[in-house]
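What follows is a set of notes on a single structure, which appears directly below.
The values are calculated or read from the model by the stated rules, or taken from the named source; none is laboratory data. It should be emphasised that the depicted structure is a prediction, and the values quoted were computed from it without experimental measurement. Please note: Cβ atoms are built from the backbone with ideal geometry, for glycine as well, and neighbour counts cover all protein chains shown.
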Amino acid sequence: MTPRDAGTLVSAAEKAAVLIEALPWIQKFAGETIVIKYGGNAMISDELRRAFAEDVVFLRHVGVNPVVVHGGGPQINHMLEAVGVQSEFVGGYRVTTPETLDVVRMVLTGQVGRQLIGLINSHGPYAVGLSGEDAALLRAARKRAVVDGEEVDLGLVGEVTGVNPAAVQDLLAAGRIPVISTIAPEFDDHGNPTGEVLNVNADTAAGAVAAALGAAKLVMLTDVEGLYANWPDKSSLISSLSAGDLRRMLPDLVAGMIPKMSAALSAVEAGVPRAHIVDGRSPHSMLLEIVTTDGVGTQIIPDHEVAPVKEGSA
């Protein structure tokens, strides 16, 4: 018999402590739906991709219903560059020509989504891919951006005007993990389909899906540690803030954070109890935000909750 050294026992005790800390959060969210926006740096590293897939499968095995809504900005940029199509961003949104949309559609549905589904399904037959076009999951209308007081045409860019969650609910009832790419059919002001397909920002789509599903939580992976009170001063990272505080901050945020924080705000205002902005560059950051007391990012809570103190993932 080989005796265990003190270091091994300490390591085992630390692992046990983490599991015990996670228990109340697992109990709290068992049977609940959590919508996770997957994107940014979390999807361009093999290590981070595998860690994310493991986190999603872990949540499913402890009784949580994860729903993944994914973007694909880095991959879209790479493919557009490869085919010689220039990208232009206005107000944090990609200007989308018909040529650009063909690439976006191909990358999101045929590359990013399939890769993530494969990683999740390496642990079992769980993930099923959808796009906003499937079963009328998403409805969208043309989006306009206002820059320096002037309206700018973004092309085939949409904002979500409706969500039909039936297909997602069917998959959840069957024990599956929906993986949603954010391409959506366009509908006119009278609710009729125009035949066009629009590129929908994954952040805003995730917020809309979370609200439609009555999710307990929206977790958004991004390329920073969270929201800063005084960017780029990293010591000003905000652990928790109310929807009202965020509403007041929005006009002064850098362009890239506006869609993310607007989506988080909209979700909370629509009844989602918590929205979290989490650094996708750190392995298992999404899981740490959900099942630990301290959490790792910035959480947004409803206005009616006083004293917005970080309470982990409650």
Requested in this report: May I ask you to verify whether D153 is surrounded by fewer than 20 Cβ atoms within 10 Å (Cβ to Cβ), at pLDDT 95 or above and of a type outside the set (F, W, Y)?
Outcome: no
Query - Selected residue (only one of L172, L138, L130 is free of Cβ contacts under 8 Å to residues at least 60 places away in the same chain, touching a strand residue (DSSP E or B) at 6+ places or on another chain (Cβ under 9 Å) and closer than 27 Å to V64 by Cα) - result: L130
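If you scan region 141-175, which residues turn out to be over 19 Å from A127 (Cα atoms) and in a loop (DSSP other than H, G, I, E, B)? Break it down into steps so the answer makes sense when it comes.
The first filter runs over region 141-175 and keeps only residues over 19 Å from A127 (Cα atoms), leaving 141-164.
If the condition is that a residue be over 19 Å from A127 (Cα atoms) and in a loop (DSSP other than H, G, I, E, B), then D148, G149, N164 are the ones that fit.
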Requested in this report: Could you tell me which residue of region 278-297 is surrounded by the fewest Cβ atoms within 10 Å (Cβ to Cβ), considering only residues that are outside any loop (DSSP other than H, G, I, E, B), of a type in the set (V, I, T) and touching a Ser or Thr at 6+ places or on another chain (Cβ under 6 Å)?
Outcome: V278
Query raised in the report: If you take the residues of region 112-124 that are outside any loop (DSSP other than H, G, I, E, B) and out of contact with any helix residue (DSSP H, G or I) (no Cβ under 6 Å at 6 or more places or on another chain), which of them is surrounded by the most Cβ atoms within 10 Å (Cβ to Cβ)?
Result: L116
Report summary line: Residues in region 198-257 that are without any contact (Cβ under 8 Å) to a residue 40 or more places away in the chain, assigned to a helix (DSSP H, G or I) and not acidic (D, E) total 8
Query raised in the report: Does A51 qualify as being surrounded by 15 or more Cβ atoms within 10 Å (Cβ to Cβ), modelled with pLDDT of 90 or more and farther than 19 Å from T182 by Cβ?
Result: yes
Query - In region 258-277, residue surrounded by the fewest Cβ atoms within 10 Å (Cβ to Cβ) [restricted to those that are of a type outside the set (V, I, T) and more than 19 Å from E289 (Cα to Cα)] - result: G271
Requested in this report: Please state which of the following conditions V128 fails to meet, knowing it meets all the rest: (1) more than 18 Å from the chain's Cα centre (by Cα); (2) modelled with pLDDT of 95 or more.
Outcome: (1)
Query raised in the report: So I277 fits all but one of (1) closer than 27 Å to S45 by Cα; (2) over 15 Å from the mean Cα position of the chain (by Cα); (3) at pLDDT 90 or above; (4) not basic (K, R); what number is the exception?
Result: (2)
Query - Enumeration of residues in region 60-72 that are surrounded by fewer than 22 Cβ atoms within 10 Å (Cβ to Cβ), at negative phi and either in contact with a Leu (Cβ under 9 Å, 6 or more places away or on another chain) or not in a helix (DSSP H, G or I) (or both) - result: V62
Query - region 78-102, residues that are part of a strand (DSSP E or B) and touching a strand residue (DSSP E or B) at 6+ places or on another chain (Cβ under 9 Å) - result: V90, Y93, R94, T96
Query raised in the report: Quick check, is T96 crowded, with 16+ Cβ neighbours inside 10 Å, of a type outside the set (K, R) and more than 20 Å from the chain's Cα centre (by Cα)?
Result: yes
